[in-house]
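The values are calculated or read from the model by the stated rules, or taken from the named source; none is laboratory data. Bear in mind the structure is a predicted one, so any value in this text is a computation, not a measurement. With ideal geometry, Cβ positions are generated from the backbone for all residues, glycine too; neighbour counts draw on all protein chains shown. We work out accessible area using only protein heavy atoms, side chains counted, and drop any ligands, DNA or RNA first. Shrake-Rupley method; radii C 1.70, N 1.55, O 1.52, S 1.80 Å.
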Amino acid sequence: MLKGKHLIEPNDFTLNELEEIFTLADSIIKYPEKYLDICKGKLLATLFYEPSTRTRFSFEAAMLRLGGQVIGFSEPNSSSVSKGESIADTIRTVGCYSDIAVMRHPKEGAPKLASKYSNIPVINAGDGGHQHPTQTLTDLLTIRSYKKTISNNVIGLCGDLKFGRTVHSLVKALSRYSNMKFVFISPPELEIPSYITDELIHHEYYQTSSLEEAIPELDILYMTRIQRERFFNEEEYLRLKGYYILDNNKLQHAKEDMIVLHPLPRVDEISSEIDNDKRSVYFNQAKYGMFVRMALIIKLLGGDNIA
Ligand code: NCD
C-alpha cells in the first residue's frame, strides 16, 4: 500500500510497489482520458530550493493533467525561506494547505528531514549530490518500455559519477534487479563513490575512463553532464568539461538496439548530431518522467480511492 508514504530514496518502495507504479503509468499512457479528474480537489506543493526544468514542470504537468492543482516556489528567495525559516516549519505550514509535497534542495538529507515533520507525503526531487528517486522511476520506466525487462542488461554510466545524484539513485535501484552488469565510465577524478559500489555484491561491475572501449558491449548508455555547481573550483570544472562527447563516430561502435539515456540537461556530452538516431531516447525519457510522476501522485494519494 503506497498511500501516505514518502519517497526519499529509490529503494523506499519494494519491487512490487515499483511494478504497481509502472503498470499504472502504462495505463495512463494508453488511456489518459480515464485519469483526467482523479486528483480533482487535491493540491501539490512544489518546494524548489534549487533550479529545475524537467522535474518541476513534469510534476506540475502531471498534477494538472490529473485534474489537481499546484502551488509552490521555484526560487526560495520569494518565500519565508529568505527570512530564515527552517525546513521543519516550512513543511508543517505547507502541510496545512496541500495534500502532497515535492522538494528539491542543495543539501543532502533535506527532504528526509522534511518528511519527519510532515503530515503529507514528501517526495525527494533531488537532494544535493545524493539521490534523485523520481528521475530513477523515469529511467526505470524508460528501460522497461524499450528493453521489455529491467533485468539482464549491461548498463554503462558515463560522466560525472561522483556528484551525479541521478547515477547514485539509478545504480542503487538497479542493484535489486537480477543479472545486471555495470560499467562505470568517468575521469579518475569523478569516479563513482565506493558507498555505491559497496552495495553491488551480487553484480559484476568495472570502472574505466574510456567510453570507446566500453561502448560495444552496452545495452544501455546513461550519459550525464559534469555537475558544475558541485565543484569547489571553476578551473577544475573547466578542465573536465568536454571530457566525453557522444557523437556519430562513437555511436557506430554500439549495438543496434542499445539505448542512450540522459536525465538532461545536457551541456556538450551528447552531440546534437545523434539526436535523430533511433537509439537516442532521452527526449522520450523526459516524457516518461511525466507519466511516471502521474502514477506516483495517484498512488501516494490513495490509488483508485483518492478521497
Ligand atoms: C538532473 C538533476 O537535477 O540531478 N536533472 C533532472 O532532474 N533531470 C541531472 C542534472 O542536473 O545533471
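Could you tell me the convex hull volume per residue, in Å³, taken over the Cα atoms of the stretch 180-307? Kindly include the intermediate steps, with their values, before the conclusion.
Values: hull volume 21.3 nm³, N = 128.
Value for the stretch 180-307: 166 Å³ per residue.
For R279 and E17, calculate 0.36 nm times their separation in residues minus their Cα-Cα distance, and state this gained length in nm to one decimal. Please list the in-between numbers first.
Numbers: separation 262, 0.36 × 262 = 94.32 nm, distance 2.90 nm.
Length gained between R279 and E17: 91.4 nm.
Please compute the net charge surrounding M290, taking Lys and Arg as +1 and Asp and Glu as -1 over other residues with Cβ under 13 Å from its Cβ. Show your work: numbers first, answer last.
Numbers: positive: R54, R56, R65, K287, R293; negative: E60.
Here the count lands on +4.
Would you mind estimating how fast the chain diffuses translationally, via Stokes-Einstein at 25 °C and 0.890 mPa s with the Kirkwood radius over Cα pairs, in µm²/s? Walk me through the numbers on the way to the answer.
Details: Rh = 19.8 Å.
The Stokes-Einstein estimate is 124 µm²/s.
The mean sequence distance of close C-alpha pairs (under 8 Å, at least 6 residues apart), as a share of the length of the stretch 133-285, puts its relative contact order at 24 percent.
Which percent of the Cα-Cα distances in the stretch 82-235 go past 25 Å? Show your work: numbers first, answer last.
Numbers: 4454 of 11781 pairs.
Percent of Cα pairs beyond 25 Å in the stretch 82-235: 38.
Just name one of G242, L218, F232: the one whose Cα is farthest towards the positive end of the charge dipole of the stretch 210-307 (beta-carbon charges, Lys/Arg +1, Asp/Glu -1). Among G242, L218, F232, the one farthest towards the positive end of the dipole of the stretch 210-307 is F232. Computed 3J(HN,Hα) for the stretch 238-251, one whole-Hz value per residue from the Karplus formula 6.51 cos²θ - 1.76 cosθ + 1.60 where θ = phi - 60°, is 5, 5, 8, 4, x, 4, 10, 9, 7, 9, 4, 4, 6, 5, glycine and proline marked x. Could you state the angle between the C-alpha long axis of helix 87-97 and the longest principal axis of the C-alpha atoms of the chain, as a value from 0 to 90 degrees rounded to the nearest 10? On a 0 to 90 degree scale, this one is about 60.
The distance separating the Cα centre of the stretch 192-253 from that of the stretch 79-154 comes to 25 Å. Over the stretch 1-114, the fraction of Cα-Cα pairs per 5 Å bin, rounded to whole percents and listed from the shortest bin up, is 2, 10, 17, 23, 22, 15, 7, 3, 1, 0. Compute the long axis of helix 165-174 from its Cα atoms, compare it with the longest principal axis of the Cα atoms of the chain, and write down the angle in degrees, 0 to 90, nearest 10. It works out to around 90 degrees. Once C-alpha pairs closer than 8 Å and six or more residues apart are averaged by separation and normalised to the residue number of the chain, the relative contact order reads 21 percent. Angle of helix 282-300 to the longest C-alpha principal axis of the chain, folded into 0 to 90 degrees and rounded to 10: 30°.
Give the Debye-formula value of log10 I(q)/I(0) at each listed q (0.20 Å⁻¹), with one equal scatterer per alpha carbon of the stretch 203-272, two decimals each. For the stretch 203-272, the Cα-only Debye profile gives -0.93. Surface analysis of the stretch 95-161 yields an accessible area of 30 Å² per residue, using protein heavy atoms and a 1.4 Å probe. At a Cα cut-off below 19 Å, give the aspartates and glutamates reachable from K5, other chains included and same-chain residues fewer than 8 away excluded. List returned: E17, E19, E20, D99, D127, D304.
Need the full-extension length gain, S80 to D268, defined as separation in residues times 0.36 nm minus the C-alpha distance. One decimal, nm. Walk me through the numbers before you get to the answer.
Details: separation 188, 0.36 × 188 = 67.68 nm, distance 3.66 nm.
Gain on stretching S80 to D268: 64.0 nm.
Given R₀ = 25 Å, FRET efficiency for Y237-A61 by Cβ-Cβ distance, to 0.05? Efficiency computed from Cβ-Cβ geometry: 0.20.
Ranked by the mean number of other Cβ atoms within 10 Å of their residues, highest first, the peptides 32-39, 168-175, 180-187, 290-297 come out as 290-297, 168-175, 180-187, 32-39. The portion of the accessible surface of the chain made up by carbon and sulfur, rounded to a whole percent, is 49 (1.4 Å probe; DNA, RNA and ligands excluded).
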